[in-house]
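What follows is one structure encoded as structure tokens, with my remarks underneath.
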Amino acid sequence: MMWKNVEEAIAVIERRRHHHSGLELFKKAVAELHDPQDQIQTIHVGGTNGKGSTVNYLRSILQRAGYRVGTFTSPYLISHHDRIRINDISISDEKLLSYINETEFLWEKYDLSMFEIDMLIASLYFRDEGADIAIYEVGMGGRFDATNVLQNPLVSVITNIGMDHMMYLGDTYEKIAYEKAGIIKDGVDCISASDREDCLNVFEREAEKHHSHLIKIASVDHVHVDDFLYFEYQKQEYQLNTKALYQRLNAALAIETIHYLNEKKNFDINETMIKEGLFDTSWAGRFEIVRQDPLIIIDGAHNLDGIKALVASLQNYDKIHIIFSCLKDKEGEKMLAELRRITQDIVLCEFENERADKAERLAQPFSLKVVEDYRQAIDEGMEKEGVLVICGSLYFISLVRRYLSKKLENN
């Protein structure tokens, strides 16, 4: 059919969330459109935590240097369009609807999932709009992810490895690292921020198998926080417009990737562009301060490593109140145990998602307070003195962000 309403078309696409044709079948689908993903320069970014932030730091630096940059990320926090952007501007209704109609004939033919459809549309859009470079964020894993139709990226980038999506990727760091390393291609070097020897050994083996080189980021030194985050990397001082300590590694990974592009791929991006690009970067839902008085921070820390990184960034705050909700396939109890290191004032709530965990189940071992309606939990939390931190699933954070935006607009 020919769609005329973009919201109706998106609703149909989102109902295909759990379809999955498999990578080999998806390769055939993109081949029918002459592999648009390989017709411009690309960077492929995988890992467990920090993928979206690393993509955004890279985008901002490249954009500052004058490049037209496409980004494909997930999940979205505001609207479906946000997954597909050029120079940080989401695809328009008109363009999205046009590509939906152009690609619909492939959906049933190859049983495409929502993510595969979005990947297909993004690839066409970046090519047709003349992007100089496109940065693709892996959805899950890497080896069998839809983004792995990329045949010849400039470089593969892997953030870190954590215990996440274990029912799909494996129950050890080595098994998960193997799946993440599936984005390493023949003759394409890989840059990683991982500091785990077991994971780096996996990356080394996969890089050697593909006749590529593994590049590990250098140490990040002299880290301190006041109104901003400061750190030193390879004898250069950098400043980030955030107080989230965990972003230093994502930023360092972006810096190392830009240095690689300069040295190996004939890019010409100077240190001023790098520094300005990093400082200009903001990323919704990642230690995002949405209000100063009372101080409200939202963070999409949705697995144990993400929560540990968040806790480290909250060490210097007093009177912390937390609202938390997560998906049931995550290590909810371990995440709560970690959060209890900084406060006992934790409220569990629920949100509209078939994979969401039950607040009562999570609260019971710790005797924590339950307010099932996250909107009520937020309203009550805003009445408390101190810092309100809302964290957990990115799907939850998307709803929270939308609710807070409307609430704060009306106040």
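The values are calculated or read from the model by the stated rules, or taken from the named source; none is laboratory data. Owing to the predicted nature of the structure, the values given are computational and were not obtained by experimental measurement. Note that each Cβ is placed from the backbone with ideal geometry, even for glycine, and that neighbours are counted across all protein chains shown. Note: areas computed on protein heavy atoms with side chains; ligands, DNA, RNA excluded. Shrake-Rupley method; radii C 1.70, N 1.55, O 1.52, S 1.80 Å.
Remarks
- Per-residue ellipticity at 222 nm from helix content only, as computed over the chain with -39500 (n - 2.57) for each DSSP H run of at least four residues, stands at -12000 deg cm²/dmol.
- Using only side-chain charges placed at the Cβ, +1 for Lys and Arg and -1 for Asp and Glu, the dipole size of the chain relative to its Cα centre rounds to 180 debye.
- For segment 349-408: rounded, prolate or oblate by the Cα gyration tensor [a/c cutoff 1.5]: oblate
- Relative contact order (%) - the chain, alpha-carbon pairs under 8 angstrom, separation at least six: 15
- Label point of D268 set 7 angstrom out along Cα-Cβ; within segment 59-93, amide nitrogens under 14 Å from it belong to 65-67.
- Kirkwood hydrodynamic radius of the chain, Cα pairs, Å: 21.9
- When +1 charges are put on Lys and Arg Cβ atoms and -1 charges on Asp and Glu Cβ atoms, the dipole computed for segment 39-119 relative to its Cα centre reaches about 560 debye.
- Nearest-0.05 FRET efficiency for D226 and E174, computed from C-beta distance (R0 56 Å): 0.90
- For segment 225-300, the relative contact order comes to 24 percent (Cα pairs under 8 Å, sequence separation of at least 6).
- Within the same chain, lysines fewer than 8 places from K216 are excluded, and of the rest, those with a Cα less than 20 Å from its Cα are K51, K175, K180, K185, K235, K264, K265.
- Length gained on full extension, V370 to I89, computed as 0.36 nm times the residue gap minus the Cα-Cα distance: 97.3 nm.
- Once the 1.4 Å probe is applied to the protein heavy atoms, segment 1-96 comes out at 43 Å² accessible per residue.
- Globularity ratio of segment 87-245, using Cα Rg and 2.2 N^0.38 Å: 1.24
- Here the chain has 46 percent of its accessible surface on carbon and sulfur atoms, given a 1.4 Å probe and all protein chains in place.
- Normalised contact order of segment 123-243, rounded percent, pairs of Cα under 8 Å and 6 or more residues apart: 18
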